[in-house]
Amino acid sequence: MKMILPEDVSYIIHKLEDAGYEAFAVGGCVRDTILGRTPLDWDITTSAQPSFVKSCFRRTIDTGIKHGTVTVMIKDKGYEVTTYRIDGKYKDGRHPESVEFTSNLRLDLERRDFTVNAMAYNDKLGLVDEFGGIQDLENGIIRCVGDAGSRFDEDALRMLRAVRFSGQLGFCIEEKTRQAIIERAGSLGRISAERIRAELSKLLVSDNPGQIREAYNTGMTKVFLPELDNIMQTGQHNPHHIYTVGEHCIRSTEVMDLFFNPEPERIMCRETRNIIPDKVLKVAGEMAACMDKKQQLILCLTMLLHDIAKPEVMTIDENGTGHFCGHPQKGGEIAEKILRRLTFDNETISVVKRLVKYHDYRIMPEPRAVRRASSKIGSDIMQMFFLVQYADIMAQNPATFDEKLGKLGMVTREYKKIVEEAAPLCLKDLDINGKDLIEAGIKPGPVMGEILGRLLEIVIDEPDNNQKDILLSYVKEVTDTYGNIK
């Protein structure tokens, strides 16, 4: 098998080979290249000791020198070069007690997690596949190298990585590997929240975020996201829904993924794709196309958690119908606690909380109502809000789609007009500011904020009133000679 290596990678490998050592591209970059994907980064493994690697290249960084890793810098881009090694026993479910360098490539490859990540390549020897990685790629299987239990005992996070890779690649987890996860799921409790957050984030923005079902089915979410286990077992008993709360949330996450990746050839979420009208996919896809990877993650987290409070607030009426009064507000609070526990950044937490809080907010499709909603929810997240509502609807009862999609479509079109007209929606849009109020005799303080808030309400109702002279005349009407509100 012939692979085309990046110029810098070939340079590093050939330079080490010219010095009498072995060197190979290894791991995920080899896997992704074989699959026709673009690797995010390139790792290199070598028989050369770290001290020699450092002497061989002009610019290096000791990123993991204790474990044999040196980062070689070329044109301001870093490439991790790691010496072949054998890991000793793992005392904490992550770090080996000792590391022994070796000159045997096979011994280095057999310590790796999955067969598809245990392949190496260079131009001289071609592909080195000691553990059936190619066959597993062809069969669409995630399988541990050697004994699955031993691999997971070495690093429990590998269990969640197995689910993440199955989501990214559209693969199934091999049965012995899956059984080993079920037997050891509880050991995820030893893994830091930061590492779990990183894997969960990658899974949710993968081609198949619905694979989080496997994390639930194998017992892992019970450890790091027990709230999901709770909603997976909560029926809704409501004509608007045909799934449990948890299944609805996961399906809405799959819908969100399709908004960001609408390619018709994708098959991982085909069942979900088949129920989405093309016009909805087009509108939502245009909104998603303007967003970055972080916004995609925020939206997927929102969908996964948007109904997280339903079990706590659920009531059943005399007809056996389920009701969930107050679940958006309560859900925002629970979502915040979950995301803080998983060490997400403050911006992500803040936006997810707002989106969960307002996800069920219904807007009348008329200009004034849309402007008021935009001001209330926040014009900075309105496009995200609409995507949340589209995804929420598409994971409910198909019998209710037409009416809900029709209303939401009218609202989004009205919002588009408001944006095009540059209608004022927040304080910074006012044609007047604090300095103008001071010049008009208003003293700095809380009263100034109250006045500006009232002015915003005026221009939201009547955008044409957003003129400095009109707004100042209103200020004079509502304040006395001392600048206090009458």
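Here are some notes:
- Against the test of being farther than 16 Å from residue 122 by Cβ and not polar (S, T, N, Q), the options 32, 43, 18 yield a single qualifying residue, 32.
- Total residues in the stretch 214-231, condition out of contact with any Gly (no Cβ under 9 Å at 6 or more places or on another chain), without any contact (Cβ under 8 Å) to a residue 60 or more places away in the chain and either surrounded by 17 or more Cβ atoms within 10 Å (Cβ to Cβ) or among the aliphatic types (A, V, I, L, M) (or both): 3
- Just one residue in the set 372, 340 is open to solvent by 20 Å² or more (accessible area, probe 1.4 Å) and under 22 Å from residue 229 (Cα atoms); that residue is 340.
- Filtering 412, 400 for residues that are surrounded by 19 or more Cβ atoms within 10 Å (Cβ to Cβ) and assigned to a helix (DSSP H, G or I) leaves a single hit, 412.
- Residue count for the stretch 346-380, restricted to those that are closer than 18 Å to residue 333 by Cβ and of a type in the set (A, V, I, L, M): 6.
- Boolean, residue 400 is over 28 Å from residue 417 (Cα atoms), in contact (Cβ under 8 Å) with a residue 24 or more places away in the chain and of a type in the set (Ser, Thr, Tyr): no
- Among the residues making up the stretch 428-438, those that are surrounded by 13 or more Cβ atoms within 10 Å (Cβ to Cβ) and farther than 18 Å from residue 464 by Cβ are 433, 434, 436, 437, 438.
- Any chance residue 307 is more than 22 Å from residue 348 (Cβ to Cβ) and out of contact with any Pro (no Cβ under 6 Å at 6 or more places or on another chain): no
- Once the stretch 115-131 is narrowed to residues that are of a type outside the set (Asp, Glu) and open to solvent by 20 Å² or more (accessible area, probe 1.4 Å), the residue that is nearest to residue 147 (Cα to Cα) is 131.
- Any hit, the stretch 82-98, residues being within 32 Å of the chain's Cα centre (by Cα) and at pLDDT 95 or above: yes
- When restricted to residues that are assigned to a helix (DSSP H, G or I) and open to solvent by 80 Å² or more (accessible area, probe 1.4 Å), the stretch 270-293 contains 7.
The values are calculated or read from the model by the stated rules, or taken from the named source; none is laboratory data. Just so it is clear, the structure is predicted and the values come from calculations on it, not from any experiment. Ideal geometry is used to build each Cβ from the backbone, glycine not excepted, and the neighbour counts take in all protein chains shown. Only protein heavy atoms, including side chains, enter the accessible area calculation; ligands, DNA and RNA are left aside. Shrake-Rupley method; radii C 1.70, N 1.55, O 1.52, S 1.80 Å.
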